[in-house]
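Here the structure comes first, spelled out in structure tokens, and everything after it is commentary.
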Protein chains: 4
Amino acid sequence: MSSHFGTLFRIATFGESHCKAVGVVIDGCPPGLHLNEADIQRQLDRRRPGQSKLTTDRQEGDLVTILSGTENGITLGSPIALKVDNLDQRPGDYGDMTSIPRPSHADYTYLAKYGIKASSGGGRSSARETIGTVASGAVAAKLLREKFGVEIIAWVSGVGPYEAGPVDQATITSAQVDQNDLRCPDPAVAEQMRSLVVSLKEAGNSTGGVVSCIIRGVPAGLGEPVYEKLEAKLAQAMLAIPATKGFEIGSGFAGAKMTGSEHNDPFVMKDGHLGTATNHSGGIQGGISNGEIVHFRVAFKPPATISQPQQTVNYKGDSITLEAKGRHDPCVVPRAVPIVEAMAALVIIDMVMRQEARRAFCS
Amino acid sequence: MSSHFGTLFRIATFGESHCKAVGVVIDGCPPGLHLNEADIQRQLDRRRPGQSKLTTDRQEGDLVTILSGTENGITLGSPIALKVDNLDQRPGDYGDMTSIPRPSHADYTYLAKYGIKASSGGGRSSARETIGTVASGAVAAKLLREKFGVEIIAWVSGVGPYEAGPVDQATITSAQVDQNDLRCPDPAVAEQMRSLVVSLKEAGNSTGGVVSCIIRGVPAGLGEPVYEKLEAKLAQAMLAIPATKGFEIGSGFAGAKMTGSEHNDPFVMKDGHLGTATNHSGGIQGGISNGEIVHFRVAFKPPATISQPQQTVNYKGDSITLEAKGRHDPCVVPRAVPIVEAMAALVIIDMVMRQEARRAFCS
Amino acid sequence: MSSHFGTLFRIATFGESHCKAVGVVIDGCPPGLHLNEADIQRQLDRRRPGQSKLTTDRQEGDLVTILSGTENGITLGSPIALKVDNLDQRPGDYGDMTSIPRPSHADYTYLAKYGIKASSGGGRSSARETIGTVASGAVAAKLLREKFGVEIIAWVSGVGPYEAGPVDQATITSAQVDQNDLRCPDPAVAEQMRSLVVSLKEAGNSTGGVVSCIIRGVPAGLGEPVYEKLEAKLAQAMLAIPATKGFEIGSGFAGAKMTGSEHNDPFVMKDGHLGTATNHSGGIQGGISNGEIVHFRVAFKPPATISQPQQTVNYKGDSITLEAKGRHDPCVVPRAVPIVEAMAALVIIDMVMRQEARRAFCS
Amino acid sequence: MSSHFGTLFRIATFGESHCKAVGVVIDGCPPGLHLNEADIQRQLDRRRPGQSKLTTDRQEGDLVTILSGTENGITLGSPIALKVDNLDQRPGDYGDMTSIPRPSHADYTYLAKYGIKASSGGGRSSARETIGTVASGAVAAKLLREKFGVEIIAWVSGVGPYEAGPVDQATITSAQVDQNDLRCPDPAVAEQMRSLVVSLKEAGNSTGGVVSCIIRGVPAGLGEPVYEKLEAKLAQAMLAIPATKGFEIGSGFAGAKMTGSEHNDPFVMKDGHLGTATNHSGGIQGGISNGEIVHFRVAFKPPATISQPQQTVNYKGDSITLEAKGRHDPCVVPRAVPIVEAMAALVIIDMVMRQEARRAFCS
């Protein structure tokens, strides 16, 4: 369904910008995991607005509460409900929206779909909805790290025309990513990106960007042929994040320009088991992980909410000039980093559990 | 599940290269549709191997039989089972595979996942599995065309370094696409692509490519926030096709380099209703269709099966030189065109039905 | 999944006895429904403990809060999160449970399943979990009543050896059911039941019972062959309620003793459309509603928690005499009435929406 | 969806009486199981019509073919498609049905649902559809038997007024059940049942009956709270079988008349682990198996198709006397035995796999 994701580790999220709370119910989390609010809060803090000058000025503490599913800091196996209250709502900021659909925002499409004009326009298309994603993804990531040694690290690799240099996928850490508020591990390029974002913010404009992500320690054998190939679920997961426009696994669109003899990843021995010498496949072959690092990229469009005047029409069709007043991010990618990590964790944990269900019969 | 796709119009596919038959069961197809084998066969013919010199020499008639779900050429509302027999199996062609995992093929990952070495290696990762996709997609496409006026047209827009010029999305037809066996509506570029493919085939090599697709007539309001946004399901659907490495909706990765004032699609009046002046959004905003043409691109890697010698290791880890003998396609994109169309149709029909379920309550 | 129910109107419940809150997320509720807390509270009040001398002394206000999904008292189409805080937890009451599995309770099986001894034993098997069911069922029931004229009425038809006389299915009302705290519309039998329940409560014992239910105004055509026949989903729904042991649709087990000529329901004309003269079918034929009143019965076992001494063994296997101290209901059926109604509403609303999805194609 | 069952071991069935074939696709069957047609055929032979004088005279060989998913008699982990051709169709037998809905048959409800009059009336409500169930259930049963030592045995325990005496649940075998063509392990009562059935067949009438079933060797811990409790899924599974009217787990409706002190199952030590002295719970507590024998009963109504004249109305509402000519069973329960076993196996295998997915995290 619309707000559900996963087959065995399944989440159901709720909440929009102007209701009492946002959150998520996690069904299927295994029992016995040590879990408290702090495990979840860190990623919410990386996602929340107002964390730096590069993001929206909207301030929300975004403190998470565990409502159910744990006792004495241990998961019971029952559903885990997580809630974050909405504190800073200010629906007044969106005053014109009842008569004017904002260009490239979801006001018009939500009205077409639901026949309702909510005060937040496309309420569930708001970045605020991603709190449930990030909170549940933090639980999934903890499980993966502690039980399987899987690590997921995303970073900003592009903002407007600027592209970060290559990273060492085998060693990059979250600390390196968070060295600057752009979450770009290439400090020199990060500085260029920062200048661009600050100047666009001042100009009432915005810019797109790219988030890259690696997943280390993925066991071989994950992914469910044919419609739930590992890359297919990752693609769905990433394109479900607001403002995304593209997804590449491994070689991506560049792979479309290569020949087979260039693109194929020959097998070699690594530490006593089979690995590949190159990794154009992105750690996945035939929809199933091969034990190499899974790596992918996600394109984000520039935020639609800009304060520059825009020539458009209102719902009646009258030409008007729109000058939006709502607070907004000039560039979403720094805040998107924990969201990409969360969605990746939700995909992998579900695939791990599905493969484990099979294992009992294979021995 | 692995072989299922869709919520209300749901398919379950079956079959690998070396079994008796491949096919699909369609559950949820509405009653009253005129349907016979010919409606399905056309797309299978566009998909089948051996249709031109650009494809594998493996010859299969791929004739479809409707086993259930229709009477007197009309759908009953009950499951529609479609079957295509496997005629040309030749498992002998894959002789070395029991000891050598082919680079960038799914032999190794299927073994890791299932613990079984099938004679076809990664059986379900075979292009042959896509017969079920194409057959069920043809049913979905017919429903969409006849009941909602939706048209889906894909074409080859890139092969190796060659890119087709822009097409008129409002008027392009399937006949234009099929003018040449590359399925590229730009004849001059198609000729360059053809030369490349022929020369690579002779050299025992292969190339990647790009398929573009448009969907015309999509009603506004389709897509289910948040994890089943329209672009998220399209992304999953496309990355579930064998050999795909990337997906772009609307502006795609180019959008990541734009500013908001460039990227936003202002509203204008079109024939008495709201439309957009540009379409960087690709017909989708906030995960929901806006009534404009949906357009997207899919990257395909070069086929992994090449006959050039490859330096790799066998399952024991011994270095060997692999010279594959199986028949193969030097470039999959011409045959991928109907597969992309099928997956698109399966996504749209399901979203249409889900939106219709809501409609009864909105009036 | 375990805590999910429904395909298009889908709920995900959470919470156990000793956590902060219990509740539910409803996904897929159509937009435009007038909904506030009072619409939900009435059924929660009928379910809550401590409402009469016939129920447990545990007192909980069970006040519901709508966290999301509505604005100005109207549903938006987005997920509706409902929450009830846990106030009266007293985990101390269950002191012995860490060493002794209570007979016919879920302590032992939850430990076998999850490997965890929660302070509430089988936390999710608690009647408290049914709050989410009842709350979401109230929303479904309102939709059904307002948009389709469907009415759902359950009542107590048996307690121990006592059976209520027949009711007029066409006219029975909720007010008649609530005339006494047993929720049995046969006042004379209700008095006998009451005496039995009171005497068993004093004796530290408990009794089973039967809840009957009718659904009026079900449109013909609901139910999804074959595994989601209308009676199949009702059976699942009812056996998902704690303490249930049996389900009968229409003639039920009595039907197994009849001949076809007795059991068949001949067609007759009713108000210008086809109906049936008798209704042994219970309003369903071949898994699909026929427009007659749907009627069914649900058996509930006596509550397992009794304060009489019981001879059993502890986890180590030592024979012991258990004298339970927790508060409990001597008979659950009066409080089960709104739960049965809720589950019935959840089944019907989902089937209505699934049938509506088909309708667009049938005209 | 309508024709799907299961979460990890998932089936999709297809086919009605008058199409080319009926069958099933099994998705999620683990790899490595030895499987050939004979493993499946035995249960189909117990289900097929014409096997004795007690059943319909319609003769079908019902030979199954494995279309995919195995190689050299071993399952690959990929979908297993099973097909049985329809040989003996005789649509002419149902001649009057286009104008007259047969009482208590599904002609009317299928028309209401789908708006189509198929030549078989309610095609998917036909007993013939159960072939897919039985075939896939045979695969599930083999897996359960070989990998987990689970045994499933059903038998006829009631026909009309006759009830079989108690069986020894710990030792009853399939061979004992098949000693007579009624599949009733109580020979004396079986003889009475047989006389009744034969006389009703001659009289053009039919009778209902009851099938009982036990499942031995179920590991403790199966069942998914709350809506997929083990008994809830069994109830759905059984009520999905054509002609069923009731389901009882353990004490069933009799349990509703007992007190808690009578009904509770005290724990005792059995072979070094905890068991229960009695089994009113039917092997399930709080929705989760406790390691005891799971036992339940299923009520079947008398077949609706009788050849005695029936007073009814046609679609126009004109009173008519219907004299059905189609071949039919005077009593379905002997043929229902393998269907009940199949549905039970499908429920248990899915629950086993879901529990195994959790196990990896619990150690």
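All of the numbers you see were taken from the coordinates with simple rules; none came from a lab. Bear in mind that the values here come from a model prediction, so they are computed numbers and not experimental data. Cβ placement follows ideal geometry from the backbone for every residue including glycine, while neighbour counts extend to all protein chains displayed.
Set Lys and Arg Cβ to +1 and Asp and Glu Cβ to -1, take the dipole of segment B:263-363 about its Cα centre, and tell me which of B:353, B:279, B:336 lies farthest positive.
B:336
List the residues whose amide H sits under 5 Å from the amide H of residue D:224, counting only those 5 or more places along or on another chain, with H placed 1.01 Å from N in the peptide plane.
Under 5 Å from the amide H of residue D:224: D:229, D:230.
Given just the C-alpha atoms of segment D:4-362, how large is their convex hull per residue in cubic angstrom?
Per-residue hull volume (Cα only) is 154 Å³.
With r as the distance between the Cβ atoms of residue C:45 and residue C:318 and R0 = 56 Å, compute the FRET efficiency 1/(1 + (r/R0)^6) and round to 0.05.
Computed FRET efficiency for residue C:318 and residue C:45 comes out at 0.80.
Could you work out, residue by residue across B:208-220, how many beta carbons of other chains sit within 10 Å of that residue's beta carbon, and then give the average as an integer?
Average neighbour count from other chains, rounded to a whole number: 2.
Output the direction-averaged projected area (hull surface divided by four) of the convex hull of the alpha-carbon atoms of the protein assembly as shown, in nm².
Value for the protein assembly as shown: 47.9 nm².
Please give me the summed charge of the neighbours of residue C:348: other residues whose Cβ is under 15 Å from its Cβ, Lys and Arg +1, Asp and Glu -1.
Net charge in that neighbourhood comes out at 0.
Just to check I understand the Karplus step: with θ = phi - 60° and J = 6.51 cos²θ - 1.76 cosθ + 1.60, what whole-Hz values come out for segment C:330-337, glycine and proline as x?
Karplus values, whole Hz, x for Gly and Pro: x, 7, 8, 5, x, 6, 6, 3.
What are the ³J(HN,Hα) couplings of segment A:226-241, residue after residue, when phi is run through the Karplus curve with 6.51, -1.76, 1.60 and θ = phi - 60°? Round to Hz, x for glycine and proline.
Couplings: 10, 8, 10, 3, 4, 6, 5, 5, 5, 5, 4, 4, 6, 6, 7, 6 Hz.
Counting only C-alpha contacts under 8 Å and six or more residues apart, can you give the relative contact order of segment B:213-293 as a whole percent?
It rounds to 45 percent for segment B:213-293.
So how much slack lies between residue C:72 and residue C:254, counting 0.36 nm per residue of separation and subtracting their Cα-Cα distance, in nm?
60.5 nm
Suppose every K and R has +1 on its Cβ and every D and E has -1 on its Cβ; what is the size of the dipole of the protein assembly as shown about the Cα centre, in Debye to the nearest 20?
0 debye
Tell me which trypsin sites (Lys or Arg not before Pro) from segment B:1-78 have a DSSP coil assignment and no more than 11 other beta carbons within 10 Å of their own.
Loop-located and lightly packed - none at all.
Note down the net charge around residue C:358, summing +1 for each Lys or Arg and -1 for each Asp or Glu among other residues with Cβ under 11 Å from its Cβ.
Local net charge: 0.
Only Cα pairs under 8 Å and at least 6 apart count here; give the relative contact order of chain D as a rounded whole percent.
So the answer I get is 21 percent.
Rank the residues D:66, C:320, B:339 as a footprinting-exposure proxy: fewest other Cβ atoms within 10 Å of their Cβ go first.
Listed from fewest to most nearby Cβ atoms, that is C:320, D:66, B:339.
Non-local amide H neighbours of residue A:208 (under 5 Å, H modeled in plane, Pro and chain starts lacking H): which ones?
The answer is A:160, B:258.
What's the average, rounded to a whole number, of partner chain beta-carbon atoms within 10 Å of each residue's beta-carbon in A:345-352?
1
Return the lysines within reach of residue A:325: Cα separation strictly under 30 angstrom, same-chain partners fewer than 8 residues apart disregarded; answer none if there are no such residues.
Those lysines meeting the cut-off are A:20, A:53, A:83, A:113, A:117, A:201, A:245, A:301, A:316, B:229, B:257, B:270.
Taking the dipole about the Cα centre of chain C, with the C-beta of Lys and Arg at +1 and of Asp and Glu at -1, give me whichever of C:64, C:187, C:252 is farthest to the positive side.
C:64
Quick one: putting +1 on the C-beta of Lys and Arg, -1 on the C-beta of Asp and Glu, what dipole do you get for chain D around its Cα centre, in Debye to the nearest 20?
That gives chain D a dipole magnitude of about 580 debye.
Amide H neighbours of residue D:35 under 5 Å, counting only residues 5+ apart in sequence or on other chains, H built in-plane at 1.01 Å?
Hits under the 5 Å cutoff: D:74, D:75.
Tell me what chain D gives for mean residue ellipticity at 222 nm when only DSSP H runs of n ≥ 4 count, each as -39,500 (n - 2.57), the sum divided by the residue total, rounded to 500 deg cm²/dmol.
Helices in chain D give a 222 nm mean residue ellipticity of -9000 deg cm²/dmol.
Return the loop-located trypsin sites (Lys or Arg not before Pro) in segment A:286-363 (DSSP other than H, G, I, E, B) with at most 16 other Cβ atoms within 10 Å of their own Cβ; answer none if there are none.
Answer by residue number: A:316, A:325.
So how far, in whole Å, is the C-alpha centre of segment C:169-197 from the one of segment A:282-341?
59 Å
Modelling each spin label as a point 7 Å along the Cα-to-Cβ direction, I'd like the residue B:175/residue A:170 distance in nm, to one decimal.
A separation of 5.8 nm, rounded to one decimal place.
Could you give me the ³J(HN,Hα) list for segment D:293-302, computed from phi with Karplus coefficients 6.51, -1.76, 1.60 and θ = phi - 60°, whole Hz, x at Gly and Pro?
Computed from phi, the couplings for segment D:293-302 are 5, 7, 9, 8, 10, 10, 8, 10, 6, x Hz.
Taking 7 Å along the Cα-to-C-beta vector as the label spot, tell me the residue D:37-residue D:268 distance in nanometres, rounded to one decimal.
My value for the distance between the label points is 4.9 nm.
Could you tell me which of D:269, D:127, D:200 has its Cα farthest along the dipole of segment D:4-362 towards the positive end, charges placed at Cβ (Lys, Arg +1; Asp, Glu -1), taken about the Cα centre?
Value: D:127.
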